[in-house]
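Step one of this worksheet: look at the structure below.
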C-alpha cells in the first residue's frame with residue numbers, strides 16, 4: 001500500500017493525516033463537553049493511524065517507473081474487502097432491527113440498542129458502507145479499464161477510499177451515541193458532512209483527471225453513470241445538509257430549511273439518493289461487469305443513451321411522490337407523480353437492455369451463478385422500478401404510504417437489485433484483481449445465490465402482505481361509519497410477517513457471510529500462487545510513462 | 001477504435017466502439033420503448049391539464065377539473081360526519097340511561113368504542129381493559145372513582161392527577177418513607193390490609209394482625225374507610241376485594257405503604273370530543289359486564 005506511493009506522495013499522505021489529526025484535536029478540545037469531543041478523538045486516532053501507517057514504510061524504495069504500465073488496483077482491492085466487511089456488519093444490524101420489530105424486548109434496556117439508533121446503523125451500513133465502498137472500488141477498476149489509463153496518482157484514491165470510510169465510521173458511531181440530524185439517509189451531523197464533501201470533490205477530480213487522459217475516443221456508458229452518481233450525490237448532499245451548528249463546540253446543528261420546505265428538500269435528496277447512488281452508480285457496475293462476464297456486446301447503444309438521459313432527467317422531479325396527501329402543495333405532488341410514471345420507460349429500457357445483452361449467453365446464465373446474480377439483479381431492477389412508479393400514483397400511494405409495502409419495495413430494490421449486482425460484480429472482479437483463475441469456491445457462489453434469492457423473496461413477500469393488510473386495515477370502516485380496526489389491531493396482524501421478514505433477512509445475511517468467506521479464501525489462495533499481469537490488462541502508454549502522470 | 005463488425009448471434013452491426021473487450025450493438029431503439037414513452041408522456045400532459053400542476057410565480061395552474069386536495073379532504077370529512085350523525089347525534093343528546101336501553105345504539109357504541117379504546121386507552125389498560133401493574137383493571141368492577149357511566153366519563157374528561165384544572169386528584173402518602181409509621185408498624189398494617197381480602201398470612205403476619213388493625217384505624221380509615229372498602233369520591237381503592245393495582249402480595253403492599261402511590265391518568269378533554277368520551281364511558285362500562 002505505502003510502498004506503491006512515491007516519496008512525494010508519502011509526504012503528502014503524512015501532511016494530510018497530520019492535518020486530520022489536528023482537526024481531531026481541535027474537535028476534541030472544542031467539543032470536550034459534548035459528543036463532538038468523542039468524534040474528535042476518533043478523527044485524531046484516524047489521523048495518527050494514517051501517519052503511523054506511512055512512517056512504518058516510509059523508507060522503502062520508491063515504486064519503479066514501470067508501475068505506470070500497470071493499472072493501479074490496490075485501492076480497489078482494499079475497497080472490496082471493506083465493502084464486504086460493511087455488508088456483514090450492516091446486514092447484521094438489519095436482521096437485528098427486523099427482530100426488534102417482532103420481539104421489541106431485544107433492546108436490553110440500553111439506549112444505544114434502541115430501534116431509533118440501530119436502524120440508521122443498518123441503513124447507512126448497507127447503503128454507504130457496503131454499497132458506497134463497492135461503488136468506489138468498482139468505479140476505479142472500470143474507469144481505468146474503459147479509459148485504458150492508469151489512475152492519475154497513487155495518493156488521492158487512498159484519500160477517497162479511507163476518507164470515505166472515516167465518514168462511515170463517524171456516521172455509525174454517532175448514531176449509537178444518539179447523534180442524528182433526523183434526516184433519513186442523511187443522519188450524520190455537520191462536521192461529518194463537511195468531511196464527506198472534501199472526500200467527494202477529490203473523488204470527482206480523480207474521475208475527471210483519468211477521463212482526460214483516456215486512450216479511448218469515447219467515454220463508455222458505465223462511466224456516464226459513475227459520473228452522474230458522483231456529481232449528483234455531491235449536489236444532493238450539499239444542499240440537503242445545509243445547516244447551522246449550535247456552536248463549533250457542538251455536534252448538534254439546525255437545518256436551513258423548516259416545515260414543508262424541509263420535507264421537500266429531504267425527499268428531493270432521499271429519492272435522488274435512490275436514483276443516483278442506488279441506481280446510477282450500480283447501473284455503471286452493470287454496464288461493465290455484465291457484458292464482460294457474458295462475453296456479449298451491449299444490446300443497444302441507442303437504448304443506453306435514451307435510458308441514461310431519461311433516468312437522469314426524470315428522477316430529479318420524482319421526490320415529491322414521497323409527500324402525497326401532505327401539506328405539500330398539490331401541484332408539486334402532481335409533478336412528482338407524473339414524472340415518476342414517465343420514468344418507468346427509461347428504467348425498463350435499462351433493464352431490458354441488460355437482459356437483451358444476455359441473448360446468446362443464456363447458457364452461461366444457467367451455469368454461472370456469478371452471471372445469474374447479475375441477471376436476477378436486472379430482473380429485480382425492472383420489478384422494483386415498476387413498483388416504484390406504480391406506488392407514486394396518488395391513488396395507490398394512499399393505500400401504500402406509511403405501510404410496510406414501502407419497506408418491501410425498498411428491499412426489492414436494495415436486496416434484489418443493488419446487493420445482487422454488487423455480489424455478481426465482485427465475484428467477477430475478485431479473481432481479476434488477485435490474478436487467480438476463479439473464485440475459491442464456485443459452489444459457495446451457487447449457495448450464496450440461492451440464499452440471497454430465497455431471502456429476498458421471503459422478505460419482499462412478507463412485506464407486501466404485511467403492508468397491504470396494514471393499508472387495508474387502516475382504511476376499513478364498520479357499519480357505524482367509524483374505523484373498524486385500531487392501530488394495535490394492525491400491529492398484531494403484522495407480527496407473523498415480521499417474523500418471516502427476519503428469517504428472510506437472516507438468509508440474506510448468511511449469504512453475505514458466505515461471500516465474505518469465499519473472497520477471503522480466494523485472497524489466501526492468490527497469495528500462494530504468484531501470477532503476472534495478463535498482457536491485455538494494461539493501460540496504453542504513449543511515449544514516456546511520465547506523460548501519464550503529469551507532475552511526477 | 002475497432003471497426004464495426006457483424007455480431008453473429010443477433011446479426012446486428014456493432015457501433016465500432018470497443019472498451020476493454022466490451023462492444024455495443026447498433027440496435028435501433030425498440031418501437032415499444034418509443035410507444036410507451038409517448039403514452040406515458042401523453043398521460044402526464046393530460047394529467048397536468050386536468051389537475052393543479054405547474055408553478056407560475058406566486059400561483060400555479062389550477063387544472064380544468066378544479067380539484068383541490070384540501071377541499072376534497074374537507075368534503076370527505078364532512079360527508080362521513082353527516083353519515084355518522086344518524087346515530088352520533090343521538091349519543092350526543094340522549095342520557096346514558098336512554099342510550100344503554102337502546103340495543104341498536106349500543107351496537108354502535110360497542111363497535112366504535114372498541115376502536116377508540118384500543119387506540120387511546122389500551123396502551124395502559126390493555127386491549128381488553130384488564131390493566132396491568134400500576135394500571136387499574138377496568139373489567140373487574142372495582143372502581144376507584146365510580147363505575148357509573150357519568151363517573152367514568154368525568155374520569156376520562158378530567159383525568160387523574162392530570163393537567164386539566166379540575167382534574168381528579170388523589171395521593172397516598174409514603175407512610176414509612178416520610179417517618180409517619182415505624183417499620184414494625186408498616187409491617188403490621190401490611191399484614192392487616194392483606195387479611196381484609198382474605199389472603200393467607202405467614203405466622204409472623206398473624207402475630208402482627210392486632211397491631212396492624214390499630215395502625216389502620218389510626219392512619220388509613222380517613223381514605224379507605226373503617227371497613228377498608230375505600231371511598232370513590234376520594235379515589236381510594238377498595239382493599240377488601242381481590243383486585244390490586246400495584247399488587248396484593250406482601251412486598252407490593254409493603255412498597256405501597258412505605259413509599260406511597262400517586263397514579264396518573266391524562267385529561268382527555270380537548271383530545272377526544274365530548275361524544276367520543278361519552279362513547280368510551282359506555283364502552284368501558286361494558287367491559288365490566290355492565291355499568292355498576
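Only the coordinates and a few stated rules stand behind these numbers; no lab work does. Note that the structure is a prediction, hence the values are computed from the model and not measured. A quick note on method: Cβ atoms are made from the backbone with ideal geometry, for glycine too, and the neighbour counts reach across all protein chains shown.
Rounded to the nearest 10 degrees, the angle from helix A:259-272 to the longest Cα principal axis of chain A is 50 degrees.
In chain A, the longest principal axis of the Cα atoms and the axis of helix A:7-30 are about 40 degrees apart.
Determine, at each q value in 0.11, 0.14 (inverse angstroms), the log₁₀ of I(q)/I(0) that the Debye formula gives when each Cα of region A:25-146 is one equal point scatterer. Debye output, listed in q order: -0.63, -0.90. For the pair residue B:34 and residue B:275, label points projected 7 Å from Cα toward Cβ lie 6.0 nm apart. Taking the Kirkwood radius as Rh and the Cα radius of gyration as Rg, region A:277-320 has a ratio of Rg/Rh equal to 1.05. Its relative contact order, with pairs defined as Cα atoms under 8 Å and 6+ residues apart, puts region B:189-292 at 21 percent.
When chain B is treated as a GNM with alpha-carbon contacts under 10 Å, the residue of B:192, B:246, B:47 showing the greatest mean-square fluctuation is B:47. Residue by residue along A:334-342, Cβ atoms of other protein chains within 10 Å of the local Cβ number 6 on average. By the count of other C-beta atoms within 10 Å, a proxy for reagent exposure, A:108, B:175 are ordered fewest to most as A:108, B:175. Modelled spin labels at residue B:94 and residue A:513, positioned 7 Å past Cα toward Cβ, are 6.3 nm from each other.
If each DSSP helix of 4+ residues adds -39,500 (n - 2.57) and the sum is divided by the residues in chain A, what number results at 222 nm, nearest 500 deg cm²/dmol?
On the way: 19 runs with 372 residues, N = 552.
That comes out to -23000 deg cm²/dmol.
The value obtained for region A:73-530, namely the Cα convex hull volume divided by the number of residues, is 154 Å³ per residue.
Given their separation in residues at 0.36 nm each and the Cα-Cα distance between them, residue B:110 and residue B:3 gain 30.5 nm when the chain is fully extended. Against the main long axis of the alpha-carbon atoms of chain B, helix B:183-196 sits at an angle near 80°.
Computed from the Kirkwood radius of its Cα pairs, the Stokes-Einstein diffusion coefficient for region A:359-427 at 10 °C and 1.306 mPa s stands at 122 µm²/s. With contacts taken as Cα pairs under 8 Å and at least 6 residues apart, chain A reaches a relative contact order of 15 percent. For region B:68-120 and region B:1-65, what is the centre-to-centre distance using only Cα atoms, to the nearest Å? Result: 53 Å between the Cα centres. Ordering A:520, B:19, A:331 by the number of other Cβ atoms within 10 Å of each residue's own Cβ, fewest first, gives A:520, A:331, B:19. Listed by Cβ neighbour count within 10 Å, with the fewest neighbours leading, A:179, A:429, A:383 appear as A:383, A:179, A:429. With each label modelled as a point 7 angstrom along the Cα→C-beta vector, the residue A:208-residue A:250 pair spans 3.7 nm. Here the scattering of region A:326-384 is modelled by Debye summation over its C-alpha atoms, one equal scatterer each and no solvent; at q = 0.14, 0.15, 0.19, 0.27 Å⁻¹ the log10 of I(q)/I(0) is -0.52, -0.56, -0.71, -1.03. Given R0 = 30 Å, the distance between the Cβ atoms of residue A:218 and residue A:59 translates into a calculated FRET efficiency of 0.10.
Can you tell me the FRET efficiency between residue B:262 and residue A:260 if r is taken as the Cβ-Cβ distance and R0 is 45 Å, rounded to the nearest 0.05?
The pair residue B:262/residue A:260 has a calculated efficiency of 0.60.
Using a cutoff of 8 angstrom between alpha carbon atoms and counting only pairs six or more residues apart, the relative contact order for chain B works out to 20 percent. Taking max minus min of the alpha-carbon positions on each principal axis, region B:14-60 gives extents of 54, 25, 10 Å, largest first.
Principal axis analysis of the Cα atoms in the protein assembly as shown yields extents of 108, 69, 54 Å, listed in decreasing size.
Take the Cβ atoms of residue A:441 and residue B:124, set R0 to 35 Å, and the FRET efficiency comes out at 0.05. Based on DSSP H segments of at least four residues, each scored -39500 (n - 2.57), chain B has a per-residue ellipticity at 222 nm of -15000 deg cm²/dmol.
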